[in-house]
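The values are calculated or read from the model by the stated rules, or taken from the named source; none is laboratory data. These numbers come from a predicted model, not from an experiment. Cβ: placed from backbone, ideal geometry, glycine included. Neighbour counts: every protein chain shown. These accessible areas exclude ligands, DNA and RNA; they are computed on the full protein's heavy atoms, side chains included. Shrake-Rupley method; radii C 1.70, N 1.55, O 1.52, S 1.80 Å.
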Amino acid sequence: MEPAFLLHRRPYANQGALVECLTLRHGRFPAIAKGLYRGTRSSNAAILQPFIPLSLKWSGKGEVKSLLGYEAEGHAIELHGRSLYCGFYINELLMRLLQRHDPHGELFGIYSSTLSQLSQTTLHEPVLRYFEIQLLEQLGYGLILNLDVESEMPLISDRGYYYQIEKGPVPATNRGEWYNIG
């Protein structure tokens, strides 16, 4: 069994679902969960939802795996209103930006932590920006946000900067072009 979250779920065939999984050691991959709405598995079908920490067991050699077993690894992370939209937003980012079968163990922990933070705050933007920055770091596109790239000195909080693509923060020469990073 592997720690996992579901990023997306949609109906498949008569009694199943096609799910997009994010796992600790195997990254993101699609899987088919069969027989969700009949027999003893129907009571467990409700746990195959986004924002519920899971343990998954699967098999298959192709692109799409078959789920063999699943169980909740804790309580659902309860997201409501704007928090729920933010949760779907980060799921969509992961679906669009992560390559399938490319493990990102550290990102799995960041994702779990971000969901917990979203469930406990009404200040969503800082949580989302932190997640986005960490996601870019994990994908190899990290941003320089702590140094003036011209002087290679730490940023000064009361000074204005603008972000020059492919370089980083550069001191602004006039107020019309600056954004205070501090």
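The residues on offer are Leu118, Leu145, and the sole one that is in a helix (DSSP H, G or I) and surrounded by 11 or more Cβ atoms within 10 Å (Cβ to Cβ) is Leu118.
Within region 142-167, residues that are over 20 Å from Tyr130 (Cα atoms) have Cβ atoms under 8 Å from residues that are surrounded by 10 or more Cβ atoms within 10 Å (Cβ to Cβ) and polar (S, T, N, Q) in these pairs: Val149/Gln164; Asp158/Asn180; Arg159/Asn180; Gly160/Asn180, counting only partners at least 6 apart in sequence or on another chain. Looking at region 52-74 only, could you name the residues that are farther than 20 Å from His101 by Cα and modelled with pLDDT of 90 or more? Within region 52-74, Ile52, Glu71, Ala72, Glu73 qualify. Here is a list of conditions, (1) among the hydrophobic types (A, V, I, L, M, F, W, C); (2) surrounded by 15 or more Cβ atoms within 10 Å (Cβ to Cβ); (3) outside any helix (DSSP H, G or I), and Ile156 meets all of them except one; can you say which number that is? Against the list (1) among the hydrophobic types (A, V, I, L, M, F, W, C); (2) surrounded by 15 or more Cβ atoms within 10 Å (Cβ to Cβ); (3) outside any helix (DSSP H, G or I), Ile156 comes up short only on (2). When the residues of region 93-108 are filtered to those that are in contact (Cβ under 8 Å) with a residue 40 or more places away in the chain and in a helix (DSSP H, G or I), the one that is least open to solvent (accessible area, probe 1.4 Å) is Leu94. Within region 57-82, which residues are at positive phi and either touching a strand residue (DSSP E or B) at 6+ places or on another chain (Cβ under 7 Å) or assigned to a strand (DSSP E or B) (or both)? Correct list: Gly60 only. Applying the criterion of being small (Gly, Ala, Ser) and in a strand (DSSP E or B) to the residues of region 1-34, the residue that is surrounded by the most Cβ atoms within 10 Å (Cβ to Cβ) is Ala4.
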